[in-house]
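Written out below as structure tokens is the structure these notes cover.
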Amino acid sequence: MLPSPHPCPLQSRAARWEGRLYLFFVTLLTLLTSLTAVYTLYHPPPRHPPLPTYHVPLQLSLVFLSLLSFFCCHFTHPGPPSLWSDLRPDLPHPLYPSQPPPAPRYCLPCSAPKPARVHHCRTCNACILRFDHHCVWLATCIGQRNLKFFLLFLLYTTLAATHATYVLLCFMRAIHQPHVHHFSTPRDVLAGAVAAPISLAVSVCAAFGVSCQLAWSMWLAARNETTLEHLVRTTENRADADRGGKELLVYDRGLVSNLMHALGGNPLLWLLPVYGGREGSLKGRWGD
Ligand SMILES: [Zn+2]
Ligand SMILES: [Zn+2]
């Protein structure tokens, strides 16, 4: 992770507090669900065989990686346009030499040129490289620098929520067996009748919703396209598509290169929430 100032330095005080509220809410829900699942693993219903012990470290590892990716994504600058400032607007893009030079663009709020793939976020009031969208849950933009952390957050949250769903379903099914009298103490009532059903509902919703977002984001990353670019392209190309025209993916350089662009140059580090360092190689190529 690159140490950097907060990605939204120009946000209003109210927007910053709103962002912190979402961060707190996501963290609380994640911890509540996972710790309830772990609690049920340590306190199986009477006369019911417990699940294998490896479920505890598995759940804790997944939730740790999910929260680590979550905070890495929030605290990493999504991508200052200065990374691309060496680009000469009259020459083709160094990464995509077959494409014609982009038309010069200028951002009025920032009073600065906008190189290729840079867009202005109105929430953050800043230009972001490879701007995908502004995520309210993470209280930051998703851009070139924190895209990998965003994808890993989606991946590990999906895995953690799916695993918690399995554990909690086993627990709920066990305590509702006719011969089991599990609600003998206030703690059992709290765990079995309150925390477990709420956590199960949260984990089912998270597993479904986050996995859909993961599939969508990975599909875009495999094509080296952002959500914004996809919306613009599909809108502009709708007339061509209606006439049977071929889809034009401007930045597509093949699956492996596209994933390296998003996740970093070393595939061995793709699943770890460490910075991929792609802009270093990008910057070097500006000077070629
Ligand atoms: Zn701007
Ligand atoms: Zn933003």
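Quick one: in the stretch 104-122, of everything that is more than 15 Å from Gly79 (Cβ to Cβ) and not charged (D, E, K, R), which residue is nearest to ligand 1 (Cβ to nearest atom)?
Initial filter on the stretch 104-122 (more than 15 Å from Gly79 (Cβ to Cβ)): 104-106, 108-109, 111, 113, 122.
Filter once more, keeping what is not charged (D, E, K, R): 104, 106, 108-109, 111, 113.
Details: Pro104: 15, Tyr106: 9, Leu108: 8, Pro109: 5, Ser111: 8, Pro113: 10 Å.
Here the answer is Pro109.
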Practice problem: With the condition kept exactly as written, say whether any residue in the stretch 184-204 is in a loop (DSSP other than H, G, I, E, B) and either at pLDDT 90 or above or over 24 Å from Leu68 (Cα atoms) (or both). | Solution: yes
Exercise. Please verify whether the stretch 33-45 includes one or more residues that are surrounded by fewer than 16 Cβ atoms within 10 Å (Cβ to Cβ), touching a Pro at 6+ places or on another chain (Cβ under 9 Å), farther than 13 Å from Ala160 by Cα and aromatic (Phe, Trp, Tyr).
Key: yes
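Go through the stretch 140-151 and give me each residue that's near ligand 2 (Cβ under 9 Å from one of its atoms) and part of a loop (DSSP other than H, G, I, E, B). First the steps, then the outcome.
Of the residues in the stretch 140-151, the ones near ligand 2 (Cβ under 9 Å from one of its atoms) are 140-143.
Of everything in the stretch 140-151, just one residue is near ligand 2 (Cβ under 9 Å from one of its atoms) and part of a loop (DSSP other than H, G, I, E, B), namely Gly143.
The values are calculated or read from the model by the stated rules, or taken from the named source; none is laboratory data. Everything numeric in this text was worked out from a predicted model, so none of it was measured. Backbone-built Cβ (ideal geometry, glycine too); neighbour counts: all protein chains shown.
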